[in-house]
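All remarks here apply to the structure that follows.
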Amino acid sequence: MSGNRTFTMLKPDAIENGHMGKIIDMIIQAGFSIKAMKYTRLSEDQAKAFYEVHSERPFYGELVEYMTSGPIVAAILEKDNAVADFRALIGATDPAEAAEGTIRKYYAESKGRNAVHGSDSDENAAIEGKFHFADSEVF
Ligand code: IDP
Ligand code: MG
């Protein structure tokens, strides 16, 4: 059975461009409830660790620099089938390929600066949630 929680970050471009409120509203209107949320900024070590899986990719340095360039919103979200439904809501990594009505279609600048993160599995959702939140911060 698929799990009911996922993890998201509104990335620095989304905050910088003033899209924070609209994106959070889209998430709530799509039926997700917020279990944890924080406005924060990743350190270089945190960004490197979070994206460790991409450390061999050519864009890793650029990704770490971008993700530490300004504040983010991190959140744990709850809904039936959360991981897959949230990936559908955010759309493809590259906004040029993202479906109409998705968050990345509306708000992403480019494949790199793409407004929002969504976990890709239940296992990673749990790992990523714990990376950002203590148990006492999850409601
Ligand atoms: P995802 O966020 O849709 O799961 P991943 O392939 O896991 O996409 O890549 C993680 C993040 O790395 C992307 O969201 C994006 O910010 C960045 N990224 C992925 N591919 C590229 C690229 O080709 N150039 C620059 N940045 C990229
Ligand atoms: Mg991914």
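Nothing in this text is a laboratory measurement; each read-out follows from the coordinates by a stated rule. The model shown is predicted, which means the values in this text are computed figures rather than measured ones. Positions of Cβ are backbone-derived with ideal geometry, glycine not excepted, and every protein chain shown enters the neighbour counts.
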For R41 and A134 in one chain, what is 0.36 nm times their gap in residues minus the Cα-Cα distance, to one decimal in nm? 31.8 nm
Once you list every other residue whose beta carbon is under 14 Å from the beta carbon of I76, what net charge do they have if Lys and Arg are +1 and Asp and Glu are -1? 0
Here the net charge surrounding G61, from other residues whose Cβ is less than 15 Å away from its Cβ (Lys, Arg +1; Asp, Glu -1), is -3
Can you spot the aspartates and glutamates whose alpha carbon is less than 19 Å from K130's alpha carbon? Ignore those fewer than 8 places along the same chain. E44, D45, E52, E78, D120, D122
Calculate the length of the line joining the C-alpha centroid of segment 13-39 to that of segment 123-137, in whole Å. 18
Output ³J(HN,Hα) for segment 114-123: one whole-Hz value per residue in order, computed from phi by the Karplus curve 6.51 cos²θ - 1.76 cosθ + 1.60 with θ = phi - 60°, and x for Gly and Pro. 10, 6, 7, 9, x, 4, 9, 7, 4, 4
Are any of the pairs K11/K38; K38/K79; K35/K105; K48/K105 more than 21 Å apart by Cα-Cα distance, and if so, which? K35/K105; K48/K105
In nm, spacing of pseudo-spin labels at A92 and D80 (7 Å Cα→C-beta vector): 2.9
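For a quick protection proxy, order the peptides 37-43, 76-82, 125-131, 7-13 by their average other-Cβ count within 10 Å, most packed first.
Working: 37-43: 14.6, 76-82: 19.7, 125-131: 17.4, 7-13: 23.6.
Top to bottom by mean Cβ count within 10 Å: 7-13, 76-82, 125-131, 37-43.
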